[in-house]
Structures are given as C-alpha cells and as structure tokens.
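**Q** Shown below is the structure under consideration.
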Amino acid sequence: MSLSHFLIPADIPLETQGTVTLTGQEAHHLLHVRHLGPGSLVRLIDGSGRVAKAEVVWVNGSQAGLNIMEVRRQQRDCLPIELIVALLKGNRMDWMIQKATELGVQAIHPVITQHTVVKVNNEKAGRRLDRWKEIARQALKQCRGSLLPAIYPPVPLKEALEKIPYAGAKILLWESERLRSLFSAWRDQAKALPVVIVIGPEGGLSREEILACEDTGFLSASMGLRTLRSETAAIGAVAALAATMLSDLEEY
C-alpha cells in the first residue's frame, strides 16, 4: 500500500533525523481525512524535488509531529514545457493551472494582452498568484509529484516574451493557422527543448501581438479544425506533446 503524501513549506529543510510539525490544512487531512496517528508512516514533499519518509510521533486536535526517517531527491518528474497563457476569466485559470501542474509543466507565465478581459491591479495580482501557487501545491500532492512549476506574476505579453531568451522550440497556438500543426511546428524546430507555448485569450491575440510573437521566433500552429477555449488548447497541447516526449526525457 502506498504511503499518503503531505505538503510542507519549501523553506522548511527536509533533513534526515529531523522533525517537522504539520498544521492547518495538511494536519486536518492527516488527522481527520486519513485518520492517521502515532506510528503511521507517511511521505512528505516540499515541491522542490525533495521527498521524505516520516513517522507520525504525536498528534493533537490541530497539529501532528513527524520524525523524518530518510530524505531523497526524486527523479525529475516535470516536462520541459512552459506555458505563456493569457489571463482567463473566473475559475478557468485555476483549472488550467491545476491540470498543467498534474501534467508536469515546468513553468506558467500568465500574461495580459490587448483582448484580456480580466482586470488585475497589483493587490489582486498578489492574491491571485498566492492562490495559483496553492492550487499547484495541492495538485502536486494529488498526483504524487515532487516538483512544482514556477508560476510568475501576470505581466504584459511583450514583457513575458522578452524573458524567454534561451534556445528551444517556440510555438504560438493560433486559430487562424491552417497549414502547420502543433507537431509540425515542433518538428520544424528540430524538436528542441524546452518547448514554450503561447496561448491567447478568448478574443484571440491582436495582429500586433502575433507579429511580436513571430519576431521573437515563435511559429504559429493549429490545434485542429475547431476553435478551442484557451484552457482547452493549453492542456491539449501539453498532453499531446507529453505523449511524444516520454522516450526523450531521460536525455533531457
């Protein structure tokens, strides 16, 4: 039987023979959902790739103390894929971040475009970023992963493009593209890694923004004959590329 997984903050060092106290949501999950107590063995993750086996040594109504027995670095379990995605309305952004984390993307760059409907000031941006990171942490725990994606604060699209200077494949998902598929765009760039994918908002990218992507080296690509919601296009592209990457990941 596999051990239950629990999250600890990344700033708490996972050290062999050390101890850690679970509080809040994680303690509630251990005590009242999993119904674990002293003597139970669990697995701890911090999102940085470290994984620890630990034993519950004491509990009270809202906390649990654990003794760390062994710590190791888990095999890299994320994909060499980054998403540059326009801010989405309502829970759609939350859903996209959750599923992208489960699939294992290594970074998510939320961006503001000319047709972005969501309006974000600095205060809202900070709260949104905190929520997105917590959604990613819970998704990592659910899928038993070890490495969280980097999630950046929302910035204008042009600024995000300027932060992608390294070599790799650059793909712009564009509903008006008819000749080049997602896989063709990747092959045309020699299947270089990492793959950076741009996904526009519900209203699409402006012509000026499309030209900015192309000037930065992005190749436009189609996801098929149907026009997809932004979050569907993002997750569909990640899943499709992941299926073709698995045999290459050991060399990455």
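The numbers here are math on the coordinates, done by the rules we state, and not lab data. None of the values given here were measured: they were computed from a predicted structure. No Cβ is skipped: glycine too gets one built from the backbone with ideal geometry, and neighbour counts run over all protein chains shown.
**Q** Using the crude model of +1 on Lys and Arg Cβ and -1 on Asp and Glu Cβ, and no other charge, please compute the dipole size for the chain relative to its Cα centre, in debye to 20.
**A** Details: 29 positive and 27 negative charges, 98 e Å.
For the chain, the charge dipole is close to 480 debye.
**Q** Counting only helical runs of four or more DSSP H residues, what would the 222 nm mean residue ellipticity of the chain come to if each run contributes -39,500 (n - 2.57) and the total is spread over all its residues? Mind dumping the intermediate values first?
**A** Values: 7 runs with 75 residues, N = 252.
Helix-only estimate at 222 nm: -9000 deg cm²/dmol.
**Q** If the chain between Glu202 and Glu55 were fully stretched, how many nm would it gain, using 0.36 nm times the residue separation less the Cα-Cα distance? Please report the intermediate quantities before stating the final value.
**A** On the way: separation 147, 0.36 × 147 = 52.92 nm, distance 4.80 nm.
So the chain would gain 48.1 nm between Glu202 and Glu55.
**Q** Each residue of the range 36-53 in turn: what ³J(HN,Hα) in whole Hz from Karplus with 6.51, -1.76, 1.60 and θ = phi - 60°, glycine and Pro shown as x?
**A** Taking θ as phi minus 60°, the curve returns 9, x, x, x, 6, 9, 9, 10, 10, 10, 10, x, 9, x, 8, 10, 10, 9 Hz for the range 36-53.
**Q** Spin-label point model (7 Å from Cα, Cβ direction): what's the Leu179 to Glu159 distance in nm?
**A** Result: 3.5 nm between the two label points.
**Q** Provide the FRET efficiency to the nearest 0.05 for the Gln25-Arg229 pair, computing r from the beta carbons and using R0 = 41 Å. Walk me through the numbers on the way to the answer.
**A** Details: r = 30 Å, r/R0 = 0.73.
Step by step, r from the Cβ atoms, then E = 0.85.
**Q** Between Leu211 and Ala150, what FRET efficiency follows from the Cβ-Cβ distance if R0 is 35 Å, with the result rounded to 0.05?
**A** On the way: r = 27 Å, r/R0 = 0.78.
Step by step, r from the Cβ atoms, then E = 0.80.
**Q** Arrange the peptides 64-73, 230-239 so that the one whose residues have, on average, the most other Cβ atoms within 10 Å appears first. Spell out each step's value before the answer.
**A** Working: 64-73: 16.6, 230-239: 20.6.
Highest-to-lowest ranking by the protection proxy: 230-239, 64-73.
**Q** How far apart, in nm, are the 7 Å Cα→Cβ label points at Ser2 and Glu123?
**A** Result for the modelled spin labels: 4.2 nm.
**Q** For Arg187 paired with Lys89, estimate the spin-label separation in nm (one decimal), with each label point 7 Å from Cα along the Cα-to-Cβ line.
**A** Reported label-point gap for Arg187 and Lys89 is 3.8 nm.
**Q** Assuming a ≥ b ≥ c are the square roots of the Cα gyration tensor eigenvalues, decide whether the range 5-73 counts as rounded (a/c under 1.5), prolate (otherwise, with a/b larger than b/c) or oblate.
**A** Numbers: a/c = 1.87, a/b = 1.48, b/c = 1.26.
Because a/c hits 1.5 or more and a/b exceeds b/c, the range 5-73 counts as prolate.
**Q** In addition: On a C-alpha basis, how far is the centre of the range 26-99 from the centre of the range 157-217 in Å? Whole number, if you could?
**A** Using only Cα atoms, the two centres lie 33 Å from each other.
**Q** Something else about it: If you take the square roots of the eigenvalues of the alpha-carbon gyration tensor of the range 81-251 and sort them as a ≥ b ≥ c, do you get rounded (a/c under 1.5), prolate (a/b over b/c) or oblate? Walk me through the numbers before you get to the answer.
**A** Working: a/c = 1.57, a/b = 1.10, b/c = 1.43.
Cα axes put the range 81-251 in the oblate bin.
**Q** Determine the percent antiparallel among the DSSP beta bridges restricted to the chain, to the nearest 5. Don't skip to the answer; put the middle values down first.
**A** Working: 19 of 45 bridges.
DSSP beta bridges in the chain are roughly 40 percent antiparallel.
**Q** Helix by helix, which DSSP H runs in the chain go 18 Å or more along their axis at the Cα atoms and have an average Kyte-Doolittle hydropathy of 0.5 or more?
**A** Details: long enough: 122-142 (30 Å, -1.64); 230-245 (22 Å, 1.31).
Span-like helices, by this rule, are 230-245.
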